[in-house]
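Below is one structure; the comments refer to it alone.
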Amino acid sequence: METLEIMPVRVKVTAILKKAILSGEYQKGEELSLTDISNKLGVSRTPVREAFQALEAEGLIKLRMNKGALVLGVDEKFIKDHYEVRALLESEAAQKATINKMDVTALLEETINAREKQSFTDKEYYEDLNQRIHMAIWKAADNERLYSFLMSLWNGPSIGKTTVANDHYKISTDEHIATLEAIKAGDAERAREIMKKHITRSMENMLAGLRK
């Protein structure tokens, strides 16, 4: 029986903060408080502290002794570098998952059902399903180092300032279905290409938001 993969809290917090910085919600020079973030997200200070450390290692924030963290901001190159690596690795994961004959039956059925019922309009449900689809593909690729690295790159739905959330969710749901259908059909090259386009579109969303 397939086991359910759960994303660690520190990774979820890192992803939320990373998305906020990449999308421009947190601006360069803005101060992030450990206490404020933990209260806002409803988690303890420990995973937030770990998230801060991970974000500093990526060059997104600078930790300040007893003063929280300072947002360093991002430019177009940072966003391109980030998403180009994701596109390369996630497309490879999709290809490997197909070769490994990943069982997508349940996920594909749920995703198709979500589209038919327009469940993608439910932000929390969409984000949960989105996360589960990507993680399932990483796991099926059967490469622990690849899985670990993709986990560290995760930043959740890529909704920039110029993107309408529901439009992004709908398009992403269609792309998820197409990817899962390609995996089910055993078409590794198609699964790879769809995933690459999926991540590249996310990059364009974030770039458009930054330029605005």
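Using a 1.4 Å probe on the protein heavy atoms only, what accessible surface does His82 show? Give it in Å² to the nearest 10.
20
Quote the FRET efficiency, to the nearest 0.05, computed for Lys62 versus Lys212 with a Förster distance R0 of 22 Å and r equal to the Cβ-Cβ distance.
Numbers: r = 25 Å, r/R0 = 1.16.
Efficiency computed from Cβ-Cβ geometry: 0.30.
Along the Cα→Cβ direction, 7 angstrom out, place labels at Glu31 and Glu189. What is the inter-label distance in nm?
For the pair Glu31/Glu189, the computed spacing is 5.7 nm.
Between rounded, prolate and oblate, where does the range 169-212 land on the alpha carbon gyration tensor, with a ≥ b ≥ c its root eigenvalues, rounded for a/c under 1.5, else prolate if a/b exceeds b/c?
oblate
Rounded to the nearest 0.05, what FRET efficiency do Ile112 and Glu204 give with R0 = 22 Å and r taken as the Cβ-Cβ distance? Could you check?
It comes out at approximately 0.30.
Would you mind working out the accessible area per residue for the chain, using a 1.4 Å probe, and quoting it in Å²?
It amounts to 52 Å² per residue over the chain.
Find the centroid of the Cα atoms in the range 28-81 and in the range 123-151, then give the distance between the two in whole Å.
About 23 Å separates the Cα centre of the range 28-81 from the one of the range 123-151.
Keeping all protein chains in the complex and leaving out DNA, RNA and ligands, what accessible area do you get for Glu193 with a 1.4 Å probe, in Å² to the nearest 10?
60
Can you classify the range 1-105 as rounded, prolate or oblate using the Cα gyration tensor, where a ≥ b ≥ c are the square roots of its eigenvalues, rounded means a/c under 1.5, and otherwise it's prolate if a/b beats b/c and oblate if not? Could you put the intermediate results ahead of the total?
Numbers: a/c = 3.11, a/b = 1.58, b/c = 1.96.
Note, shape of the range 1-105 comes out oblate.
With each pseudo-label sitting 7 Å past Cα toward Cβ, what's the Glu144-Ile6 distance in nm, one decimal?
2.1
Taking the dipole about the Cα centre of the chain, with the C-beta of Lys and Arg at +1 and of Asp and Glu at -1, give me whichever of Asn143, Leu60, Ala114 is farthest to the positive side.
Checking the options against the dipole of the chain, the answer is Leu60.
Can you flag which of Lys170/Lys212; Lys40/Lys184; Lys40/Lys196; Lys62/Lys161 are past 31 Å Cα-Cα?
Checking Cα-Cα distances, Lys40/Lys184; Lys40/Lys196 exceed 31 Å.
What shape does the range 103-212 have by the C-alpha gyration tensor, where a ≥ b ≥ c are the square roots of the eigenvalues, rounded means a/c under 1.5, and otherwise prolate means a/b greater than b/c and oblate the rest?
oblate
Carbon and sulfur atoms: what percent of the 1.4 Å accessible area of the range 1-118 do they account for?
Details: 3530 of 6820 Å².
For the range 1-118, the apolar C and S fraction of the accessible surface comes to 52 percent.
Once the Cα gyration tensor of the range 1-53 is found, what semi-axes does its equivalent ellipsoid get, as square roots of 5 times the eigenvalues, in whole Å, sorted largest first?
The three semi-axes for the range 1-53 are 24, 14, 8 Å.
When averaged across all projection directions, what area in nm² does the alpha-carbon convex hull of the chain cover?
Values: hull surface 46.0 nm².
That works out to 11.5 nm².
Between Asn100 and Thr46, what is the label-to-label distance in nm when each label sits 7 Å out along the Cα-to-Cβ direction?
Here the modelled spin labels are 2.9 nm apart.
The values are calculated or read from the model by the stated rules, or taken from the named source; none is laboratory data. Fair warning: this is a prediction, and the values are worked out from it, not measured in the lab. For neighbour counting, all protein chains shown are included, and Cβ atoms are generated from backbone atoms with ideal geometry for every residue, glycine included. To get the accessible areas, we keep the full protein, side chains included, count just its heavy atoms, and leave off ligands, DNA and RNA. Shrake-Rupley method; radii C 1.70, N 1.55, O 1.52, S 1.80 Å.
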